[in-house]
Every structure is written in structure tokens, then in C-alpha cells.
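One structure is given below, encoded as C-alpha cells.
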Amino acid sequence: MIETDRLLLRSRIAADDASAVHELWTERDPRVPPHRRIGPDGRPTIEDIAAQIDAERDDPGREFLTIVRKQEGDIIGYCGLLFVGLGSAREPEIAYELLRRAHGAGYATEAAGALVARAEGRGFERLWAGVREWNLASRRVLQKLDFVETGQTEPDAAYGDSLVTLRTIPGWTD
């Protein structure tokens, strides 16, 4: 568990968190690919999401933590590291997402910043992050955490290009 002034980032996402994950998927921007949203048929359901969380619990390719506001005790999102995709075992990718009711209060920066500090403590020398070009709020969070846009883009005509960003740990050189 990671604790900040206002948040607890607790263990891996659990099946008990499925309703919060379902809420995240329900309110996602329509520019997010459909396989990451709730469809018109209501799928995936909370039960489907719980089963998926259980199936992925021990996946070594991802370490997602549940973000809980300490004072309110409510789940507001997740934050974690990916060791697949942009990331690797030596240079993971950071990912985070918050419910809309938690936007604009600095929670994403606080949670992701705590995760970056933990990653540095674990000896990771570089961290990656992919962000949709249209997601200005997330781009600002990454800027605050010293991620730099690399100029590399993953084109996606349907849902918007993803920009590749990188954070090099101070003092590390290639």
C-alpha cells in the first residue's frame, strides 16, 4: 500500500472493486476504443468485470492499485504499472484513471506521483506513458511528473493518436 496526504493506493485491484471499475468504464469518453467501455448491451457487466479482475489478479504484466480517498473512504480510480506494451520489465509504463467526480482536484497527480516515487525506489531507470493526443488533462499530469513527449506517436484515426512520453530518473544516462 502507498499512502499520500489524501489518498491510499491499496493492493492490486480486487473483484470487490468491480462496481467502481464498471463506473469508470460507463463514463469513459466516447473517443476511447469500445473494448474499454460499457457497450449498448450493458456489457461488460459488474460480474464480467469482477471475473476479469480475478483472472488477471496474478498477471505479472500489470500492477494496478486501487485509489481510495482517505477521508471519504471511496474508490476514485486506479493507478499502476504495465510491464507490457510500451513498458517492459526494466522500464514499465505508468497508467491511471479517475472517476469524473474526482477530476480537477489534483488526485491523478498525487497518485501517479506516489507511484513514480515507488518505481524510482524499486530501481526503475525510465518510465513510459502513452496518452491520447486529445487528453489534455492527462498530458498536464504527465508534464507535472516530468514526463516528456518523445515525438513518437501511435496513430489511431478512429480514436485519436497516442503520444509516447518518457520520464528518465534524474542522474541516469543511456
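The values are calculated or read from the model by the stated rules, or taken from the named source; none is laboratory data. In this text the structure is predicted, and so the values were computed from the model without any measurement. No Cβ is skipped: glycine too gets one built from the backbone with ideal geometry, and neighbour counts run over all protein chains shown. These area figures cover heavy atoms from the full protein model, side chains too; ligands, DNA and RNA do not enter into them. Shrake-Rupley method; radii C 1.70, N 1.55, O 1.52, S 1.80 Å.
Descriptive notes on the structure:
- For the stretch 122-131, 3J(HN,Hα) computed residue by residue from phi via the Karplus equation (6.51, -1.76, 1.60; θ = phi - 60°) reads 7, x, 5, 8, 9, 10, 10, 8, x, 8 Hz, glycine and proline entered as x.
- Area of residue 146 that stays accessible when all protein chains are in place (1.4 Å probe, Å², to 10): 100
- The stretch 100-156 shape via C-alpha gyration tensor axes, a/c threshold 1.5: oblate
- Rolled with a 1.4 Å probe across the full set of protein chains, the surface gives residue 68 an accessible area near 20 Å².
- In the full protein context, the stretch 115-165 carries 55 Å² of accessible surface per residue, based on a 1.4 Å probe and ignoring ligands, DNA and RNA.
- Net charge, residue 158 excluded, C-beta distance under 14 Å - Lys, Arg +1, Asp, Glu -1: -1
- Derived scalar couplings ³J(HN,Hα) [the stretch 154-163; Karplus, 6.51 cos²θ - 1.76 cosθ + 1.60; whole Hz; x for Gly, Pro]: 9, x, 8, 5, 7, 10, x, 4, 9, 8
- Positive contributions from Lys and Arg (+1) and negative ones from Asp and Glu (-1), summed over other residues with Cβ under 9 Å from the Cβ of residue 130, come out at -1.
- Charge sum, other residues only, whose C-beta stays under 13 Å from residue 89's C-beta, Lys/Arg counted +1 and Asp/Glu -1: 0
- Its Cα gyration tensor gives the stretch 79-174 an equivalent ellipsoid, and the semi-axes of that ellipsoid, as √(5λ) in whole Å with the largest first, are 20, 18, 12.
- DSSP beta bridges in the chain [antiparallel fraction, %, rounded to 5]: 95
- With the charge dipole of the stretch 29-174 set up from +1 on Lys and Arg Cβ and -1 on Asp and Glu Cβ about the Cα centre, the Cα lying farthest toward the positive end among the listed residues 129, 79, 141 is that of 141.
- Which of 144, 70 is most accessible, then next, and so on - probe 1.4 Å: 144, 70
- Accessible-area order (highest first, 1.4 angstrom probe) of the listed residues 138, 88, 11: 11, 88, 138
- The charge dipole of the chain, taken about its Cα centre with unit charges on the Cβ atoms of Lys, Arg (+1), Asp and Glu (-1) only, comes to about 400 debye.
- Pairwise inverse Cα distances across the chain, averaged and inverted, put the Kirkwood hydrodynamic radius at 16.7 Å.
- Ligands, DNA and RNA excluded, the heavy atoms of residue 132 present near 50 Å² of accessible surface to a 1.4 Å solvent probe.
- Carbon/sulfur fraction of accessible area - the chain, other protein chains in place, 1.4 Å, %: 50
- Remark: relative contact order (the chain) = 19 percent; criterion is Cα-Cα distance under 8 angstrom and separation of 6 or more residues.
- Calculated from backbone phi, Karplus (6.51, -1.76, 1.60) coupling profile of the stretch 58-75 in Hz, x at Gly/Pro: 9, 5, x, x, 8, 9, 9, 10, 7, 9, 10, 6, 4, 5, 7, x, 9, 7
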